[in-house]
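Asker: I have a structure I would like to understand better, so I am pasting it below and will then ask my questions one at a time.
The values are calculated or read from the model by the stated rules, or taken from the named source; none is laboratory data. Bear in mind the structure is a predicted one, so any value in this text is a computation, not a measurement. Here the Cβ positions follow ideal geometry from the backbone for every residue, glycine too, while neighbour counts run over all protein chains shown. These area figures cover heavy atoms from the full protein model, side chains too; ligands, DNA and RNA do not enter into them. Shrake-Rupley method; radii C 1.70, N 1.55, O 1.52, S 1.80 Å.
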Amino acid sequence: MAPVRNPFAPGAGSRPPELAGREAILRDAEVAIQRAVIGKPSRSQMLLGLRGVGKTVLLSKIESWRRTQGT
Ligand SMILES: Nc1ncnc2c1ncn2[C@@H]1O[C@H](COP(=O)(O)OP(=O)(O)OP(=O)(O)O)[C@@H](O)[C@H]1O
Ligand SMILES: [Mg+2]
């Protein structure tokens, strides 16, 4: 594997090349944000999990998506 293109991205909160298997969590977050924009309540999300499972990466992904919504 060429070191420059190696997809292994160790580190705390660094965005991986592919955010594998988190579609449902991100979809729930998008719905909650869109509902908040139109003033409707929605269920809270808590990101729980073992060390290194990807909580910080999810938080920053949701945050950057929220910014694109102008909220
Ligand atoms: N869905 C995913 N697919 C591939 N890699 C991922 C995924 N989620 C996280 N990673 C990678 O795992 C590593 C750890 O992610 P992150 O720092 O978000 O974990 P964490 O749950 O916040 O850890 P900690 O409990 O130590 O705070 C990062 O290098 C990140 O790129
Ligand atoms: Mg973290």
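Asker: When the chain is fully extended, how far beyond the present Cα-Cα distance does SER42 get from ALA24, taking 0.36 nm per residue of separation?
Answerer: 4.9 nm
Asker: Further question: Using 1/(1 + (r/R0)^6) with R0 = 22 angstrom and r between the beta carbons of VAL31 and SER60, what's the FRET efficiency to the nearest 0.05?
Answerer: Calculated transfer efficiency: 0.70.
Asker: Evaluate the relative contact order of the chain (contact order divided by residue number), counting alpha-carbon pairs under 8 angstrom at least 6 apart; express in whole percent.
Answerer: That works out to 32 percent.
Asker: Helix-only mean residue ellipticity at 222 nm, the chain, DSSP H runs n ≥ 4 weighted -39,500 (n - 2.57), per residue, nearest 500. What is it?
Answerer: Only helices count here, giving -13500 deg cm²/dmol.
Asker: Spin-label point model (7 Å from Cα, Cβ direction): what's the ARG15 to ALA2 distance in nm?
Answerer: 2.2 nm
Asker: In the range 23-71, what is the volume of the convex hull around the alpha carbon atoms, normalised per residue and reported in Å³?
Answerer: Per residue, the Cα convex hull of the range 23-71 comes to 67 Å³.
Asker: Still on this structure, I have one more. Considering only protein heavy atoms and a 1.4 Å probe, what is the carbon-and-sulfur percentage of the accessible area of the range 23-71?
Answerer: For the range 23-71, the apolar C and S fraction of the accessible surface comes to 56 percent.
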